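First up is the structure itself, then whatever we jot down about it.
Rule-based calculations on the coordinates, nothing more; no lab input. Bear in mind the structure is a predicted one, so any value in this text is a computation, not a measurement. Here Cβ is always computed from backbone atoms with ideal geometry, including for glycine, and neighbour counts include all displayed protein chains.
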Amino acid sequence: MDYWCKRAGIERILVTPGNHEQWSLLRAAFGKQPGQPIQITERAWAMPIGYRFRLGAHTYMSFGGAASFDADQRTEGVDWFPDEMATQAQANAAATGDPVDVLLTHETLLEPSPLVAREMERNRDSVSDEVQARSALSRQRVTQVTDHHQPARLFHGHFHTPDMMNLPGGRQVWSMGMDRQDRNVGVLDLDSLKFDWLLE
């Protein structure tokens, strides 16, 4: 990634961590410089949960983590980590202060966009009640933060289902695809907050 960033003239990538990261290591690193991003490669920085920043005229918040919907098929401590989702204390702290214009999450909302909801329903029979409860709790915490800030744009990943949902007041929720999937990346105009998929 650093190689291609150099080739493209990209100086820095800010990462909202998801659910497959080793959160025990991330939390330890964040603990050494509370409230600040940590450098994970030459040009990539991971943002702590609830991190606020400004780009141009707009304010942003990164609220990472998520509950793995496929935890039953994974191995704890190898490719699934119990501390992968935001805590209630982190949600409470993030759902305070001045509203932000753009919210960057990995987890979706308690009531997700139609295609994401359909994807969750399609997999529900293979997901244990415990995992479904963790997912609902994780999504509730993201919804708590979203309800406080009422951001103009919310971008999330997690369910590998590209979609867009309009909310009252011109607000939008964008669900991003995964690597090598169509509509996994887009361009956000920092002035108008208009978003377009880079490739479809």
Open item on the list: Explain nothing, just the number: relative contact order of the chain, from Cα pairs under 8 Å at least 6 residues apart, as a whole percent.
Closed with: 18 percent
Task: Euclidean distance of C-alpha centroids, segment 176-191 and segment 88-129, integer Å - done: 18 Å
Task: Distance (nanometres) between label positions extended 7 Å along Cα→Cβ at residue 3 and residue 191 - done: 3.7 nm
Task: Pairwise label distance in nanometres, residue 40 with residue 96, each label 7 Å out on the Cα-Cβ vector - done: 2.7 nm
- [ ] Provide 164, 1, 47, 120 in ascending order of the number of other Cβ atoms located within 10 Å of each residue's Cβ, fewest first.
- [x] 1, 164, 120, 47
- [ ] Counting other beta carbons within 10 Å of each Cβ, put 49, 38, 13 in order, fewest first.
- [x] 13, 38, 49
Task: Normalised alpha carbon radius of gyration of the chain [divisor 2.2 N^0.38 Å] - done: 1.00
Open item on the list: Only counting other Cβ atoms within 10 Å, I'd like 116, 187, 145 sorted with the fewest neighbours first.
Closed with: 187, 116, 145
TODO: For segment 156-200, give the magnitude of the charge dipole about the Cα centre (Cβ charges: +1 Lys/Arg, -1 Asp/Glu; no others), in debye to the nearest 20.
DONE: 140 debye
Task: Difference of contour (0.36 nm per residue) and Cα-Cα distance, residue 167 to residue 111 - done: 19.0 nm
Task: Two-site label geometry, residue 54 and residue 147: point separation in nm, points 7 Å out along Cα→Cβ - done: 3.0 nm
